[in-house]
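Take a look at the structure below.
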Amino acid sequence: MTIELLKNYLAGEWVAGQDPVTVLSDPVTGEALVRVSSAGLDLAHAFTFARERGGGALRAMSYGERAERLGAIAKLLQARRDDYHAIATANSGTTRNDSAVDIDGAIYTVGQYARWGAALGDARALLDGAAASLAKDGTFQSQHVLVPTRGVALFINAFNFPAWGLWEKAAPALLSGVPVIVKPATATAWLTQRMVADVVAADLLPAGALSVICGGSAGLLDALQPFDLVSFTGSAQTAAVIRSHPAVADRSVRVNIEADSLNSALLMPDAEPGSESFALFVREVVREMTVKSGQKCTAIRRALVPQAVYDAAAEAIATQLAGVSVGNPRNESVRMGALVNREQLENVRAGLAELRTQTKVLHDGSLAPLVDADPAVAACMAPTLLGTTTPDDADRVHRIEVFGPVATLMPYRDLPHAAALIRRGEGSLVASLYGAEPATLAGLAVDLADSHGRVHVVSPAVARTHSGHGNVMPQSLHGGPGRAGGGEELGGLRALGFYHRRAAVQAEPAVIGALGAVPLPQ
């Protein structure tokens, strides 16, 4: 039987790639699912079409009109959820609960930007702050405005979030009036391609507004022009290649990078074993190690506790991990599915081996058999909790991210020592704090804000309402400094800034008042 070749959608047409093709497989059973290829595509024409036809049509709409399109997309995606879950189970090897983090997160994000965009109404430009007088009598003023860039937004996405990774970028881009070309990670491109196909079939966007390329990335950066944008999620090595490409270095293409991140969770000194804060910390570490098999850019990689409770924390986390069943996500008893493929499994094993040279194993889930999965075929890996009592000397735990169900527990002497250990990650997407003293929590949150995109504070008061250490909400900033890439996404309507150009209009007040722009809400 011939395996379907997923087509690329470019310049308003579905186009099949040429040989060579890549086969996408089920990471649990090894079954071949679909084929992809981007070879032989006319990228220059596709980018020009998106830039001119797609961008022109989007900019002809108001923010409110584009928000209506996003609302329709959210409803469409909601109606097709079961189809997307089936693809995620087969292609990503995730349980339904874990797939929901990706799929439902995508739908929620699109819906939020539809609601926020509706409030911008008929405007086609945004005001950035109030007008400033350039003359003593106020007859000459300066007003900063934000207008959509006349380029295309290229998204090069990671394998772990084929749904949310598309829409958390595309929703603010399309609301801004900027056309999108998405290149999903090849390993899980099927779900991204299907979502784009559904939107195209429903005729919800103008031709050229949304395109998808499945397969290799050769030539993509070469097609970028000065007013284009590129947003990348992936490794620091690939990020360095993008930053040094002539499109960026010579043509000043705007770049947003989300790269490696050694995220931390910190148990505060007041949270003793038996306290609610201690239980919340343990639960979140276990959840972040196991959701999507630890394949989240925001997952907890380093867990810090006071020296006096190190042993108790190790025992509590290991006890909960022992109850995590691993294997085929189609079996309802399975709590954690597979890594994305065997290659990723080998990468995680290699990283774990490096960390084990400076740590000891506190919990080894591999001692339990897989459920309905052949270990010789399936890319399944049980959770592993490592520990070090000398975190100052264990440099590898602060610089090597193992992108799987692995975390390292470590003790700290006092809060300044804990903050210093966290900062050895050299910039992260998120750190979470667990305790019950608001003033101490607030002080540490501010102290860590310079090296994190988000600080997630969990106290007993929010035990049932907090959104989770690793869950990225569209209302909050996603990104981080340093090792994390230096990028910023989401954060409500702040996300529109990346897709707009800022300019100062200097004129008499009557001209300023006639600009037809509305303030950008914060």
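The values are calculated or read from the model by the stated rules, or taken from the named source; none is laboratory data. Treat the numbers as computed from the prediction; the structure is a model and nothing was measured. Methodologically, a virtual Cβ is constructed for each residue, glycine included, from the backbone with ideal geometry; neighbour enumeration extends over all protein chains shown. With ligands, DNA and RNA removed, areas are computed over all heavy atoms of the protein, side chains included. Shrake-Rupley method; radii C 1.70, N 1.55, O 1.52, S 1.80 Å.
Any chance you could look up the accessible area of W14 with a 1.4 Å probe, heavy atoms only, rounded to 10 Å²?
90 Å²
Amide H to amide H, which residues 5 or more places from A158 or on other chains are under 5 Å from it, using H placed in the peptide plane?
Excluding prolines and chain starts, which carry no amide H, the hits are A185, T233.
Kindly state, to the nearest 0.05, the FRET efficiency for S333 paired with A461, given R0 = 25 Å and r defined as their beta-carbon distance. Each step should come with its number before you reach the end.
Working: r = 34 Å, r/R0 = 1.38.
Given R0 = 25 Å and the Cβ-Cβ separation, E is 0.15.
Is there a quick way to get the dipole size of the chain? I mean about its Cα centre, with the Cβ of Lys and Arg at +1 and of Asp and Glu at -1; what is the value in debye to the nearest 20?
On the way: 44 positive and 51 negative charges, 168 e Å.
The calculated dipole for the chain is roughly 800 debye.
What nm distance separates the two modelled labels at V377 and A44, each placed 7 Å from Cα along Cα→Cβ?
4.7 nm
Which whole-number percent is the relative contact order of segment 343-434 (Cα, under 8 Å, 6+ apart)?
Values: 90 pairs, mean separation 26.4, N = 92.
RCO, segment 343-434: 29 percent.
Add +1 for every Lys or Arg and -1 for every Asp or Glu among the other residues with Cβ under 10 Å from the Cβ of P273, and state the total.
Numbers: positive: none; negative: E272, D311, E315.
Local charge sum for P273: -3.
How much accessible area does E272 have with a 1.4 Å probe, in Å² rounded to the nearest 10?
Number for this one is 120 Å².
Based on the Cβ-Cβ distance from L33 to S62, what FRET efficiency comes out when R0 is 45 Å, to the nearest 0.05?
Numbers: r = 41 Å, r/R0 = 0.91.
Computed FRET efficiency for L33 and S62: 0.65.
When every alpha-carbon pair in segment 281-326 is counted, what percent end up more than 13 Å apart? Could the numbers behind the result be given before it?
Details: 567 of 1035 pairs.
Summing the P(r) of segment 281-326 above 13 Å gives 55 percent of all pairs.
Can you work out the PRE-style zone for E354? Point 7 Å along Cα to Cβ, and I want the residues of segment 263-305 with backbone N under 19 Å.
Output list for this probe position: 263-264, 294-303.
Explain nothing, just compute: Karplus ³J(HN,Hα) = 6.51 cos²θ - 1.76 cosθ + 1.60, θ = phi - 60°, for every residue of segment 408-422 in order, whole Hz, x for Gly and Pro.
Karplus-based 3J(HN,Hα) across segment 408-422 equals 10, 8, 8, x, 10, 7, 8, 5, x, 5, 4, 4, 5, 5, 4 Hz.
Treating the chain as a set of equal point scatterers at the Cα positions, no solvent, please give the Debye-formula log₁₀ I(q)/I(0) at q = 0.12, 0.13 Å⁻¹.
-1.13, -1.28
Would you mind working out the accessible area per residue for the chain, using a 1.4 Å probe, and quoting it in Å²? Numbers along the way, then the final one.
Details: 20300 Å² over 522 residues.
I get 39 Å² per residue for this part.
So, R0 is 41 Å and r is the distance between the beta-carbons of D250 and Q18; what FRET efficiency does that work out to, to 0.05? Don't skip to the end; give the middle numbers.
Values: r = 30 Å, r/R0 = 0.73.
Calculated value: 0.85.
Hey, what did the chain get for relative contact order, percent, Cα under 8 Å, at least 6 apart? Walk me through the numbers on the way to the answer.
Details: 1182 pairs, mean separation 96.5, N = 522.
Once normalised by length, the contact order is 18 percent.
Measure off, as a whole percent, the carbon and sulfur share of the 1.4 Å-probe accessible area of the chain, all protein chains present.
Reported share for carbon and sulfur atoms: 51 percent.
Solvent-accessible area of V377, probe 1.4 Å, all protein chains present, reported in Å² to the nearest ten, please.
Roughly 60 Å² of V377 is accessible to a 1.4 Å probe.
For segment 109-159, what's the relative contact order in percent, using C-alpha pairs closer than 8 Å and at least 6 residues apart? Show your work: numbers first, answer last.
Details: 35 pairs, mean separation 14.1, N = 51.
Value for segment 109-159: 28 percent.
Can you tell me the orientation of helix 81-92 relative to the chain, as the angle in degrees between its alpha-carbon axis and the longest Cα principal axis, to the nearest 10?
The angle comes out near 60 degrees.
How large is ³J(HN,Hα) for each residue in segment 279-294, as worked out from phi by the Karplus curve 6.51 cos²θ - 1.76 cosθ + 1.60 (θ = phi - 60°), to whole Hz, x for Gly and Pro?
5, 5, 4, 4, 4, 6, 4, 5, 4, 6, 6, 10, 4, 6, 6, x
If the only charges are +1 at each Lys and Arg Cβ and -1 at each Asp and Glu Cβ, what is the size of the charge dipole of segment 1-113 around the Cα centre, to the nearest 20 debye? Could the numbers behind the result be given before it?
Numbers: 11 positive and 14 negative charges, 89 e Å.
So the dipole magnitude of segment 1-113 works out to roughly 420 debye.
Magnitude of the Cβ-charge dipole of segment 386-469, K/R +1 and D/E -1, about the Cα centre, nearest 20 debye? Let's see the in-between values first.
Details: 7 positive and 9 negative charges, 50 e Å.
The calculation lands at about 240 debye.
Of A197, P179, L220, which is farthest along the charge dipole of segment 159-254 in the positive direction, counting Lys and Arg as +1 and Asp and Glu as -1 at C-beta?
After comparing all options, I get L220.
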